[in-house]
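Colleague: Sharing a structure below in C-alpha cells format, with a few things to ask.
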Amino acid sequence: MTKDLTFENLADFTDALNQIPASSVIARAVQENGIDAVSKNSAAKAELNRVFSIEVETGEVTHQKQSGRCWLFATLNTLRHDFAKKYDLKDFQFSQNYLSFYDRLEKANKMLEWAISLIDQPEDDREYLAMLEWGDGDGGQWANGPALINKYGLIPKSAMPETYNSDKTAEISAAINLKLHKAVAHMKKMVVTPTHEADLHTYKLECLREIYRMLVYAFGQPPASFDFEYRDKDNSYHNIRNLTPTTFFADYVDVDFDQYTVLVDAPDHEYGKNYGLPSQDYIFDGKKIELANVGITAMKKAAVASLKDGQTVWFGCDVLRDMDRKEGILDPNYFKKSELFAADLQLDKAERLATREGEVTHAMTLTGVDLVDGQSTKWKVENSWGEKVGDKGYFIMSDAWFDENVYEVVVQDKYLQEEDKHVAAKEKEDLMPWDSLC
C-alpha cells in the first residue's frame, strides 16, 4: 500500500465525479457565484420572520468597524441600554476607545510579566510559545470587560471618541507587537545578576512607558475628568461637571459585576464543572474568567428569564458559521453545503471544539426571543457591525443555530436555576493556554 497519491487514484476520483448527475452544472454555478450563494436554502426564511414574543427596546446599533473588539462592544451594549433608559437618553454610547486604550496597555503588561516568569524556559517550551502568541490584539473574554471597568471606570463616547486607529486596529497592533517581541528578545539576553528579577521589572516599565506613548499617539489621551453634557428625549438640558471615569461608573452606572455568571456549553469538557482561563486574565487584581459548564438547556433558560425581565444578554458564538452577513441570518438550515458537495460536512459541537473547527469568534447581544408553547424558536441579536447589514444592524438567529454555535451567555445570578448556581460556586479548574475554550 503506497502512501503516495497516485494517478490511478486521480482517475478513480474523476470517474466518481462523472457519476454524479449534473455535476458540471453544479461546478459552473459554484465557480461563478461562490459556495454560500449556491448552497442557500431560501425556503428556510419562512421560519425566520422578525417578530418576537419577547423583545427588549433598544436603539441604533454600534459599529466596531475594522477591529475585533466585539466582546467589549457587547459588554458596553448591555450596559448602555439600562443607562439610556435610566436617564431618558436616545442612542447613548459609552466610549469604546477609552477602554480599548487601557485594554491594550494591560495586555502588554500581562505579556511582559508572563515573559519574566518564563525567562529561563527553553524557546520551544509550549507555554513560552503561547506567551509569544499573546501580544497585542482586539480579542477578549467577558470578564476582561468588568475587570477593566472596575479599575478604570467608564466615560461617554463624546469624552473620548473613536480615532482612525481604534476603528482600524491592525497598524497599531503590529507596532505594539513588534515592541513586545523586541522586549522579550532583549530580556532573554539580559545578564543574570543578583538583581536580575528587579532589573527585568525595571526594563518592563521602560517598555510600558514607550507603549503608553504609542497608545496616546494612536488613540488619544484618556481624560482624567470630563463633563457629561446632554439633552434627554424631552430635549431638557443637563450638564454634570467634573466627573472622573471611576465616579461616573460608581455613581451613575452602578453595576455589580460580581452578580453576573458566565454559563457555557462545552460538550468536549465535563459538564457540571467551573473552568478558569488564567492565561487570559490580564488584569492581575481584576475579575477572573470563570465558565460554568452547565449545557445548552440551562443557558437558554437563563437567557429567556433575563429577556423576560427586560435585560439584554451578552453571548459568545462562532459567528461565521452558517451566517448570511448581508441578510443578517444565522441558521444552519439556511445553507445546504453537504447537499451541494454530496459530502458529509457535519461535526457535532464536541467534535468541532476538539478539532478546533469550532471556537468563540464573536460576541453579540441578545435583545429578543420568540417563544412558542414555552420553547424558544428564534432570537433577536444586536450586532456591532453597523446598520448596513441585517435589519438595521440586527440579526435573526434560529434556535438550531443557538444550539450549534453559541458557547457562552452572561446573565445576572437571579436568573439562574439552583443547580447552575451550584456549578458556578464551585472552585474553578484552570485550563491551559492551548485549551479549546481559549
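The values are calculated or read from the model by the stated rules, or taken from the named source; none is laboratory data. Bear in mind that the values here come from a model prediction, so they are computed numbers and not experimental data. Every residue, glycine among them, receives a Cβ derived from its backbone with ideal geometry; neighbour counts consider all protein chains shown. Keep in mind that these areas ignore ligands, DNA and RNA; they rest on the heavy atoms of the full protein, side chains included. Shrake-Rupley method; radii C 1.70, N 1.55, O 1.52, S 1.80 Å.
Colleague: Any residue at all in the range 121-142 that's in contact with a Pro (Cβ under 6 Å, 6 or more places away or on another chain) and at pLDDT 95 or above?
Modeller: Residues of the range 121-142 that are in contact with a Pro (Cβ under 6 Å, 6 or more places away or on another chain), as a first pass: 130.
Restricting the remaining residues to those that are at pLDDT 95 or above gives 130.
Yes - at least one qualifying residue is present in the range 121-142.
Colleague: Scan the range 243-271 residue by residue and report those that are under 30 Å from Glu351 (Cα atoms) and β-branched (Val, Ile, Thr). Write out each step before concluding.
Modeller: Looking only at the range 243-271, we keep the residues that are under 30 Å from Glu351 (Cα atoms), and these are 260-271.
Hits for the range 243-271 are Thr261, Val262, Val264.
Colleague: Report yes if Ser53 is under 26 Å from Glu210 (Cβ atoms) and among the polar types (S, T, N, Q), otherwise no. Write out each step before concluding.
Modeller: On the way: under 26 Å from Glu210 (Cβ atoms): no; among the polar types (S, T, N, Q): yes.
Here the answer is no, as Ser53 does not meet what is asked.
Colleague: Right, next: Mind counting the residues in the range 45-88 that are of a type in the set (S, T, N, Q) and open to solvent by 20 Å² or more (accessible area, probe 1.4 Å)?
Modeller: First pass over the range 45-88, keeping only residues of a type in the set (S, T, N, Q): 49, 53, 58, 62, 64, 66-67, 75, 77-78.
Pick out the ones that are also open to solvent by 20 Å² or more (accessible area, probe 1.4 Å) and you get 49, 53, 58, 66, 78.
Qualifying residue count for the region: 5.
Colleague: Among the residues of the range 227-269, what is the count of those that are closer than 30 Å to Ser117 by Cα and open to solvent by 30 Å² or more (accessible area, probe 1.4 Å)?
Modeller: Of the residues in that region, 1 qualify.
Colleague: May I pose another question? Determine the pairs where a residue that is among the acidic types (Asp, Glu), located within the range 139-156, has a partner that is in a helix (DSSP H, G or I) and open to solvent by 20 Å² or more (accessible area, probe 1.4 Å) with Cβ atoms under 7 Å apart, the partner being 6 or more residues away or on another chain.
Modeller: From the range 139-156, no pairs qualify.
Colleague: Mind checking which helices (runs of 4 or more DSSP H) fall wholly inside the range 1-77 and carry at least 1 residues that are out of contact with any helix residue (DSSP H, G or I) (no Cβ under 8 Å at 6 or more places or on another chain) and hydroxyl-bearing (Ser, Thr, Tyr)? Even if it seems obvious, please write down each step before you answer.
Modeller: Details: elements: 7-18, 23-33, 35-39.
Counting at least 1 such residues, we get 7-18, 23-33.
Colleague: A further question follows. So is Trp434 of a type in the set (Phe, Trp, Tyr) and open to solvent by less than 30 Å² (accessible area, probe 1.4 Å) or not? I'd like the intermediate steps shown before the answer.
Modeller: Details: of a type in the set (Phe, Trp, Tyr): yes; open to solvent by less than 30 Å² (accessible area, probe 1.4 Å): no.
Criteria not met by Trp434.
Colleague: If you check Thr195 against the conditions, is it touching a residue at least 24 places away in the same chain (Cβ under 8 Å) and of a type in the set (Val, Ile, Thr)?
Modeller: Numbers: touching a residue at least 24 places away in the same chain (Cβ under 8 Å): no; of a type in the set (Val, Ile, Thr): yes.
It is false that Thr195 is touching a residue at least 24 places away in the same chain (Cβ under 8 Å) and of a type in the set (Val, Ile, Thr).
Colleague: Have a look at Glu404, Glu418 and point out the one that is modelled with pLDDT of 95 or more and within 22 Å of Gln141 (Cα to Cα).
Modeller: On the way: Glu418 fails: within 22 Å of Gln141 (Cα to Cα).
None of the other options fit; the residue is Glu404.
Colleague: Taking the condition farther than 23 Å from Met364 by Cα, over 18 Å from the mean Cα position of the chain (by Cα) and outside any helix (DSSP H, G or I), does Leu345 pass?
Modeller: The answer is yes for Leu345.
Colleague: To continue, here is another question. All but one of (1) at pLDDT 95 or above; (2) open to solvent by less than 40 Å² (accessible area, probe 1.4 Å) hold for Ala354; state the number of the condition that does not hold.
Modeller: (2) is the only condition that Ala354 fails.
Colleague: Here's another thing I want to ask about it. Please tell me if Ser384 is under 19 Å from Asn77 (Cβ atoms) and either out of contact with any strand residue (DSSP E or B) (no Cβ under 6 Å at 6 or more places or on another chain) or open to solvent by 70 Å² or more (accessible area, probe 1.4 Å) (or both).
Modeller: On the way: under 19 Å from Asn77 (Cβ atoms): yes; either out of contact with any strand residue (DSSP E or B) (no Cβ under 6 Å at 6 or more places or on another chain) or open to solvent by 70 Å² or more (accessible area, probe 1.4 Å) (or both): yes.
Against the criterion (under 19 Å from Asn77 (Cβ atoms) and either out of contact with any strand residue (DSSP E or B) (no Cβ under 6 Å at 6 or more places or on another chain) or open to solvent by 70 Å² or more (accessible area, probe 1.4 Å) (or both)), Ser384 qualifies.
Colleague: Output the residue which, of all residues in the range 89-121 that are touching a residue at least 60 places away in the same chain (Cβ under 8 Å) and part of a loop (DSSP other than H, G, I, E, B), is surrounded by the most Cβ atoms within 10 Å (Cβ to Cβ).
Modeller: Here the residue is Ser95.
Colleague: Search the range 281-333 for residues being more than 18 Å from Lys378 (Cα to Cα) and not in a loop (DSSP other than H, G, I, E, B), and hand back the single one that is most open to solvent (accessible area, probe 1.4 Å).
Modeller: Ranking the qualifying residues of the range 281-333, first place goes to Glu290.
Colleague: Within the range 1-38, take every residue that is open to solvent by 60 Å² or more (accessible area, probe 1.4 Å) and hydroxyl-bearing (Ser, Thr, Tyr) and give me the one that is nearest to Phe335 (Cα to Cα).
Modeller: Once the filter is applied, the top-ranked residue is Ser24.
Colleague: Please enumerate the residues belonging to the range 232-286 that are in contact with a helix residue (DSSP H, G or I) (Cβ under 9 Å, 6 or more places away or on another chain) and among the hydroxyl-bearing types (Ser, Thr, Tyr).
Modeller: Matches in the range 232-286: Thr246, Tyr252, Tyr260, Thr261, Tyr271, Ser279, Tyr282.
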